[in-house]
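Visitor: Okay, handing you the structure first.
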């Protein structure tokens, strides 16, 4: 039994060779998908680092905050925990407390303080969500770009087969395999982006809830320290 045909087929359908033989439209699609994939992984690693660091510094600062007897002590201690989302929220609240205390000698406007803290929470959540939309775009668009590359590759393959008059599987197979690379690459870009988009979204919502809880703790400490 001869194994020349299968060996020749495998050699012809080698991944590197199939990519090299892709037409101009196929190359454009592949480059776009590679760029999407690289950028999404850059965002993923950046978010892993940022969210992991934020969680650690938040926990350390929160322990220091709960041990403090007054806001001034927290302000002094907060310098060693920067950058930290909770510290940023604390800064918003502390600045508002300082304005009220300097003007009246005590905390007079709880609503203004609540608004200041909410602004701090919103700003920190916005920072945590930065570039998340790129993961959503990659997850939703990449499969369709890959499908477009596959369709263009199949069209090119059948066009070439029509000109050559060949109809065997050995003639059609390599071209179809080459075209399907675009779909595979599209899924390779989209699946991690979708998974991490949902994972990071849950973590950010969780952290947003922690920031809201901290705002309430800040209000309690501020009222104990400066209200009559």
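Visitor: Do the conditions hold for residue 89, that is, is it more than 30 Å from the chain's Cα centre (by Cα) and assigned to a helix (DSSP H, G or I)?
Guide: Taking the combined requirement at face value, the residue does not satisfy it.
Visitor: To continue, here is another question. Within region 92-122, can you find the residues that are within 19 Å of residue 75 (Cβ to Cβ) and free of Cβ contacts under 8 Å to residues at least 12 places away in the same chain?
Guide: 98, 99, 102, 103, 105 - these are the residues of region 92-122 that are within 19 Å of residue 75 (Cβ to Cβ) and free of Cβ contacts under 8 Å to residues at least 12 places away in the same chain.
Visitor: Just to be sure before I move on: is residue 48 crowded, with 19+ Cβ neighbours inside 10 Å and either out of contact with any helix residue (DSSP H, G or I) (no Cβ under 8 Å at 6 or more places or on another chain) or closer than 20 Å to residue 134 by Cα (or both) in the structure I sent?
Guide: No.
Visitor: Separate question: Considering only region 67-85, I want to know if a residue exists there that is free of Cβ contacts under 8 Å to residues at least 40 places away in the same chain, surrounded by 14 or more Cβ atoms within 10 Å (Cβ to Cβ), more than 18 Å from residue 224 (Cα to Cα) and within 23 Å of the chain's Cα centre (by Cα).
Guide: yes
Visitor: Ok, one more. Residues of region 167-192 being over 13 Å from residue 146 (Cβ atoms) and modelled with pLDDT of 85 or more, which ones?
Guide: Selection gives 192 alone.
Visitor: While we're on this one: For residue 119, indicate whether it is under 30 Å from residue 202 (Cβ atoms), surrounded by 14 or more Cβ atoms within 10 Å (Cβ to Cβ), touching a helix residue (DSSP H, G or I) at 6+ places or on another chain (Cβ under 9 Å) and at pLDDT 90 or above.
Guide: Yes; evaluated as a whole, the condition is true for this residue.
Visitor: In this structure, is residue 61 within 29 Å of residue 186 (Cα to Cα), in contact with a helix residue (DSSP H, G or I) (Cβ under 8 Å, 6 or more places away or on another chain), touching a residue at least 24 places away in the same chain (Cβ under 8 Å) and assigned to a helix (DSSP H, G or I)?
Guide: no
Visitor: Okay, moving on. Checking residue 95 against (1) farther than 16 Å from residue 212 by Cα; (2) part of a helix (DSSP H, G or I); (3) within 23 Å of the chain's Cα centre (by Cα), only one condition comes out false. Which one?
Guide: With (1) farther than 16 Å from residue 212 by Cα; (2) part of a helix (DSSP H, G or I); (3) within 23 Å of the chain's Cα centre (by Cα) applied to residue 95, the lone miss is (3).
Visitor: For region 64-73, which residues satisfy the criterion of being in contact with a helix residue (DSSP H, G or I) (Cβ under 7 Å, 6 or more places away or on another chain) and under 18 Å from residue 210 (Cα atoms)?
Guide: Within region 64-73, 64, 65 meet the criteria.
The values are calculated or read from the model by the stated rules, or taken from the named source; none is laboratory data. These numbers come from a predicted model, not from an experiment. In this analysis, Cβ positions are derived from the backbone assuming ideal geometry, glycine residues included, and neighbour counts consider all displayed protein chains.
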